[in-house]
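Below is one structure, written out as structure tokens, with a few remarks after it.
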Amino acid sequence: MVTIAQLKQANPAMWQSAADGWLNLAKESEQACNDIHDQGRGPLDEHWQDRVGQAARGQLARDADTLEAGADIMRGVAMVLDGLTTSIEYAQRTLQDGLDLAARYGFDVDGQTGALTPNGSGDVPEGHRYGAEVSALLDEALRQAGQADRKAADELRRLAGTTGVTDPDVALNRYQGEASQTELSMYRGDIPDGSDPALVSEWWDSLTPQQQEQLKLSNPVEIAGLDGIPDGVKQELRGTDGKFDRVEFVRWTMEHWDDDNVDIDGENNCTNFASEGLHHSGVQYKGWNTLDDDGWGKSTAGGWGWDWLDRNGHTHTNSWGGAQNLHDFLNRNGSHEVPLSQAKPGDIIFFEEASDQNEHIKQGTIHHTAVVTAVTPDGDIRYTQHSDQRLNVSLNGREHHETTAEGQQNIRVVRVEPNWY
């Protein structure tokens with residue numbers, strides 16, 4: 001159990017330094033993997049066709065896979081340490097606010113037990129009556145620190161057991177994916193449960209403006225639904241224009257990311273999934289029929305699942321189910337692109353092929369759609385998608401994999417702002 005003395009003495013900068021070190025190691029491993037592919041494995045394919053050359057090629061391929069898997073896992077370690085760093089910083093802010101309140105009300109605080117002793121030096125008459133308020137804030141700080149400590153320790157132990165993993169897909173999709181979830185769960189654990197709105201209000205006010213902004217980006221659903229958070233903050237998260245509920249879009253996306261019931265048979269459903277989420281969060285259909293070139297929506301037949309009509313274009317508009325089409329439709333109808341650095345939950349990200357590496361995707365074509373569901377305090381976008389099904393995965397963490405598999409990508413972020421109703 002974390003004590004007040006331990007939390008006061010904690011030095012998050014040390015964990016941040018460790019996180020940066022692991023991230024640098026991951027980047028070096030990725031570069032070594034690229035060097036093997038560019039300078040070794042590729043030339044071997046072309047010039048060394050005998051048995052010795054093929055054996056060398058096989059070994060280089062295994063070495064590259066090992067380096068790539070190691071990089072993905074090391075990025076996972078960095079995520080966990082980033083989460084621990086920020087969570088302890090939040091907890092220390094809450095603790096300091098509690099200690100300041102204790103001094104104002106005239107209490108001494110035991111650094112080991114947290115017990116309060118009135119000392120008569122407070123500047124509030126009969127401040128000793130407010131002991132419960134002080135204790136609640138101190139307990140909240142220790143709860144925040146304790147949950148982060150436990151989650152980080154458990155996840156780091158799991159990652160320590162992956163030294164023999166050499167399959168890049170397993171390392172990326174399982175271990176890095178779990179680390180990403182752990183990081184976000186630590187931030188979620190920094191938020192009070194809402195049973196005491198007065199405590200929530202005191203906690204929120206104790207945070208710096210930067211920390212408040214970080215939590216709005218990393219956990220918008222929790223913050224928007226918490227009693228004690230200012231109404232203006234909740235409205236900002238949901239969207240001030242009233243066109244649709246951005247928080248509901250994020251919530252629906254995270255609840256249905258692996259739900260095949262929303263699929264259109266025979267299609268890649270990444271864009272259909274984003275459209276379903278937009279509609280469920282309040283975006284209205286545009287146009288009178290699904291053949292409208294500048295419309296967006298599904299027909300009654302499509303809603304009933306009459307997929308045999310789809311080949312005639314009757315179940316949904318082209319903009320509903322096609323990545324390029326949805327991107328273009330949104331930008332023609334009130335929405336606009338924002339820089340990657342300004343992405344926030346409720347935005348849509350589109351993947352555009354920037355190279356000619358993929359023979360199946362023309363250079364300059366937008367071919368994939370996902371939803372921004374969180375942004376971590378260090379600015380890493382976490383996105384959720386369908387086909388392939390992924391929940392809160394790291395854009396930075398998956399960049400090397402996506403580049404290797406699909407070629408260099410341009411990431412386009414669209415802020416949805418409908419203008420047709």
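Structural remarks
- Residue within the range 257-280 that is assigned to a loop (DSSP other than H, G, I, E, B), modelled with pLDDT of 95 or more and farther than 18 Å from Gln385 by Cα present: no
- Pairs are defined by a Cβ separation below 8 Å, a sequence spacing of at least 6 or placement on different chains, a first member in the range 153-174 that is closer than 16 Å to Arg398 by Cβ, and a second member that is polar (S, T, N, Q) and surrounded by 12 or more Cβ atoms within 10 Å (Cβ to Cβ); the pairs so defined are Ala171/Thr162.
- Residue match in the range 204-218 (condition: among the hydrophobic types (A, V, I, L, M, F, W, C), surrounded by fewer than 21 Cβ atoms within 10 Å (Cβ to Cβ), in contact (Cβ under 8 Å) with a residue 40 or more places away in the chain and touching a Pro at 6+ places or on another chain (Cβ under 8 Å)): no
- Thr376 being within 27 Å of Arg238 (Cβ to Cβ), hydroxyl-bearing (Ser, Thr, Tyr), out of contact with any Cys (no Cβ under 7 Å at 6 or more places or on another chain) and modelled with pLDDT under 95: no
- Scanning the range 219-265 for residues that are polar (S, T, N, Q) and buried (at least 19 other Cβ atoms within 10 Å of the Cβ) yields a count of 2.
- Total residues in the range 222-245, condition part of a helix (DSSP H, G or I), over 15 Å from the mean Cα position of the chain (by Cα) and not hydrophobic (A, V, I, L, M, F, W, C): 6
- Exclusive hit being outside the structural domain of Gln389 (by TED's automatic domain parsing), out of contact with any Phe, Trp or Tyr (no Cβ under 8 Å at 6 or more places or on another chain) and acidic (Asp, Glu), set Glu178, Glu140: Glu178
The values are calculated or read from the model by the stated rules, or taken from the named source; none is laboratory data. Predicted model only: the values in this text are computed from it and were never measured. Note: ideal-geometry Cβ built from the backbone for every residue, glycine included; neighbour counts use all protein chains shown.
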